[in-house]
Amino acid sequence: MKKYDAERAFALLDKIGFTRMGGTPEELKAAEILKAECESFGLSAAIEPFDLEMATIEAEFEILEPFQKKYTVRGYQCCENTPAEGLVADFLYVQDGDPVDLVNAKGKIVLVNGFLRVPLYRTLMQAGVAAIVTMDGSLLDKPEESDLHQRKLRDALRAFGNVPAVMLRVADAMDIVANGAAKARIFVKNENVMLTSHNVIAEIKGTEHPEEIISFGAHFDSVEFSKGVFDNGAGSVINMEIARYFMENPPKRTVKFCWYGSEEIGLCGSHAFVRDHADELDRHILMINVDVGGPVLGSDVAMVMAGEDLVHFTDYLLKINGLSAKVKQSIYSSDSVPFANAGVPGINFCRFGTQGASFIHNRHDTMFFLSAEALGKTTEIVLAFAEAVINAVVFPIAKTIPDNIKADVDKYLYKKELAEAKKAE
């Protein structure tokens with residue numbers, strides 16, 4: 001008899017399969033569904049709110065020379081406002097922001113490839129650009145399916161300065177560059193607002209070692225335009241099955257289940273949890289994170305944010321149980337990062353879809369490429385690992401973060417660059 005019900009998990013996945021961006025009423029609705037699901041099998045759960053800085057925004061962009069044309073754009077939330085009449089300046093395509101491309105960028109409105117990350121943004125600020133235009137999507141997008149996503153100028157970027165910034169479609173970026181744009185006008189009006197996002201938290205006390213906590217994490221928010229079932233409704237419902245199992249089979253150590261909001265805009269939910277539960281982190285001995293799952297065509301991966309001994313243990317355990325997954329020591333861009341930064345080792349379980357047969361962060365993240373059977377594969381892996389370590393006579397995982405993982409976490413969080421920016425203030 002199976003220890004989980006993949007069909008039940010798949011049905012719950014369909015139930016929360018609606019766009020639920022951080023800080024929206026839809027995110028709260030999903031939190032309430034998850035809370036109610038916990039309570040349906042006797043597990044008490046709480047919804048914990050936290051503040052989320054966002055913005056309402058208006059934006060315009062047009063090329064003035066050598067041709068005149070307006071383009072649809074979305075302004076970056078929390079970026080600098082332009083004057084009411086907009087900002088007019090010379091226009092320059094600076095590609096990836098290499099030094100040669102930025103020689104004459106000072107005071108100009110610049111177009112860059114992709115979107116903004118800290119190294120590129122810091123370079124643009126050092127070059128003295130007046131405003132930034134980024135691009136989104138693919139040239140293969142159909143016009144009616146070409147979604148222009150909302151971006152935010154996060155704290156980690158604004159530490160280096162602030163200028164107006166907008167995003168346009170890749171097809172429009174190509175049109176602008178191909179036709180030799182030389183002068184442009186940008187308009188941005190931002191009004192920063194504080195929204196409320198939510199985490200859902202539940203706990204089952206350990207029967208023998210209640211002072212030791214293993215926490216399970218999965219984010220339940222989605223990006224704009226996406227139903228977010230692959231990323232990461234799947235992880236959320238997998239952890240719900242794990243919670244059901246431990247309610248029926250009391251664990252020797254305390255297990256805490258955390259469904260995080262606003263992961264997609266900077267791991268905000270897990271950062272808030274680590275901040276608000278700092279007094280209990282010394283009792284957290286492992287974080288088990290589940291992020292993405294369910295694709296019919298794909299494979300499972302376990303990324304260990306702990307010592308190499310956990311890599312070998314996990315690999316052996318899965319092989320002994322006939323479970324297929326590639327195990328490696330690596331950080332993963334998800335809610336395990338704030339825990340590792342606080343000194344709590346972790347492991348991330350994921351089922352990635354094969355290229356061309358899965359979709360993420362867009363309108364195509366829907367149920368059509370997922371199945372209950374595939375969802376069950378990851379559930380079985382997570383449960384086998386969790387049961388082994390949670391009920392171990394002696395907990396086998398040292399509460400240490402190896403130097404190489406520490407370095408990767410620091411790099412991921414841009415600690416060096418942010419420290420330099422703070423020092424330069």
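The values are calculated or read from the model by the stated rules, or taken from the named source; none is laboratory data. Computed from a predicted structure; not experimentally measured. As a convention, Cβ positions derive from the backbone with ideal geometry for all residues, glycine included, and neighbour counts pool all protein chains shown.
Here are the numbers for the structure shown:
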{"read-out": "Residue match in the stretch 24-43 (condition: charged (D, E, K, R), crowded, with 18+ Cβ neighbours inside 10 Å and not assigned by TED's automatic domain parsing to the domain that holds Phe220)", "value": "no"}
{"read-out": "Leu87, sole failed condition from (1) surrounded by fewer than 21 Cβ atoms within 10 Å (Cβ to Cβ); (2) of a type outside the set (Lys, Arg); (3) closer than 14 Å to Ala59 by Cβ; (4) in contact with an Asp or Glu (Cβ under 7 Å, 6 or more places away or on another chain)", "value": "(4)"}
{"read-out": "Output for the stretch 48-81, where each listed residue is among the aromatic types (Phe, Trp, Tyr) and in a strand (DSSP E or B)", "value": "Phe50, Phe61, Tyr71"}
{"read-out": "Breaking point among (1) closer than 20 Å to Ile16 by Cα; (2) touching a helix residue (DSSP H, G or I) at 6+ places or on another chain (Cβ under 7 Å); (3) assigned to a strand (DSSP E or B), for Asn348", "value": "(1)"}
{"read-out": "Any hit, the stretch 82-91, residues being in a strand (DSSP E or B), β-branched (Val, Ile, Thr) and within 27 Å of the chain's Cα centre (by Cα)", "value": "no"}
{"read-out": "Search result, residues across the stretch 384-408 that are touching a strand residue (DSSP E or B) at 6+ places or on another chain (Cβ under 9 Å) and either more than 14 Å from Met305 (Cα to Cα) or in the same structural domain as Arg158 (by TED's automatic domain parsing) (or both)", "value": "Phe385, Ala386, Val389, Ile390, Asn391, Ala392, Phe395"}
{"read-out": "Scope the stretch 364-382; condition farther than 11 Å from Ile238 by Cβ, of a type in the set (D, E, K, R) and buried (at least 16 other Cβ atoms within 10 Å of the Cβ); matching residues", "value": "Asp365"}
{"read-out": "Strands (runs of 3 or more DSSP E) contained in the stretch 124-204 and holding at least 1 residues among the acidic types (Asp, Glu) and surrounded by fewer than 16 Cβ atoms within 10 Å (Cβ to Cβ)", "value": "183-204"}
{"read-out": "Yes/no for Glu32 being touching a residue at least 12 places away in the same chain (Cβ under 8 Å) and in a helix (DSSP H, G or I)", "value": "yes"}
{"read-out": "Condition check for Gly235: buried (at least 22 other Cβ atoms within 10 Å of the Cβ), within 21 Å of Phe339 (Cα to Cα) and either free of Cβ contacts under 8 Å to residues at least 24 places away in the same chain or under 12 Å from the mean Cα position of the chain (by Cα) (or both)", "value": "no"}
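Residues are listed down the side, and each one gets a yes or a no for (1) of a type in the set (Ser, Thr, Tyr); (2) touching a strand residue (DSSP E or B) at 6+ places or on another chain (Cβ under 9 Å); (3) over 20 Å from Lys189 (Cβ atoms):
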| position | (1), (2), (3) |
| --- | --- |
| Tyr71 | yes, yes, no |
| Gly75 | no, yes, no |
| Gly86 | no, yes, no |
| Gly107 | no, yes, yes |
| Arg117 | no, no, yes |
| Leu120 | no, yes, yes |
| Ala130 | no, yes, no |
| Lys142 | no, no, yes |
| Glu145 | no, no, yes |
